[in-house]
Amino acid sequence: MGVPRRAAPVFGADRLGPNDDDLTSQFDGEPLGQRIIMHGRVLEADGRPVPNTLIEIWQANAAGRYADRADPAFMPLDPNFIGAGRCATDFEGRYEFKTIMPAAYAGPIGTMFRPSHIHFSIFGRSLSERLITQCYFEGDPLVERDAIIQAIPDPKGRDRLIAHFDHEATPESSGGPESALSFRWDIVLRGPVATPMED
C-alpha cells in the first residue's frame, strides 16, 4: 500500500496495562477529544470469522500528534493519551476499542494534511506474517486528496479502508465523558475482497 512505516505501538508497550482495549482509561486524567468506539470483525474471504487474532492499533491524538519520538512535534502531546492499544478477537472474530477520534495532521513540508486514520496490526495463528494497514473515516474530505489511500488503484479497495458510522452501536447518552460515537470496520485477510495491506 506504500504506507510510510511508523513503529507499531512499541513506543507505548511498556506503559500499556489491563485496559489495553480502552485507550481513554490508561491514565488517571481524561484524554482530550471526541471519544469513539472502533469495532468490527476479522474475516476470511468466505466470511468465516478469524478468532484469537491479536490486533494492535496506534494513532495520533486529538491534536494530530503521535506519542512517538519520530513525530515532528508540530502539535501538542496529550499527557493522558498514549495512542496505542491491543486486543484479541473473540470466537466470532469480533474486536472493539474505545479511543479518541484522531485529528488530521500535516505531512512533510509541501504536502497536504493527512486525513484522520488509525493504524492496525493483525497477527494470529492463521497468518504467516504480521499484517499492517490503516482505516479512515467516512465523510472525511481529506481522504480523496490523500496520496497514500489514492495510491491504491482499485476504488473498491480504497472503499474497504473506510470505517462507517454505526448508529445502532452508538450508545444513547445524555453527554458527559462516556459519550462515544461508534464506527464499524471489518478486516478481510485474503481473497478478492481483502482489505488492502502494506507491502
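General remarks:
- For the condition within 20 Å of Gly85 (Cβ to Cβ) and hydroxyl-bearing (Ser, Thr, Tyr), Ser182 qualifies.
- Evaluation of Gly124 against the conditions (1) buried (at least 17 other Cβ atoms within 10 Å of the Cβ); (2) modelled with pLDDT of 95 or more; (3) not acidic (Asp, Glu) shows that the sole unmet condition is (2).
- Within the stretch 46-72, if we keep just the residues that are open to solvent by 50 Å² or more (accessible area, probe 1.4 Å) and of a type in the set (A, V, I, L, M), the residue that is nearest to Arg125 (Cα to Cα) turns out to be Leu54.
- Screening the candidates Gly191, Gly157, Gly139 for the property of being at positive phi and open to solvent by less than 60 Å² (accessible area, probe 1.4 Å) yields one hit, Gly191.
- Of the criteria (1) free of Cβ contacts under 8 Å to residues at least 60 places away in the same chain; (2) loosely packed, with under 15 Cβ neighbours inside 10 Å; (3) in contact with a Ser or Thr (Cβ under 6 Å, 6 or more places away or on another chain), which one Ser179 fails: (1)
The values are calculated or read from the model by the stated rules, or taken from the named source; none is laboratory data. Because the structure is predicted, anything quoted here is derived from the model rather than measured. Cβ: placed from backbone, ideal geometry, glycine included. Neighbour counts: every protein chain shown. Just the protein is used for accessible areas: all its heavy atoms, side chains included, with ligands, DNA and RNA removed. Shrake-Rupley method; radii C 1.70, N 1.55, O 1.52, S 1.80 Å.
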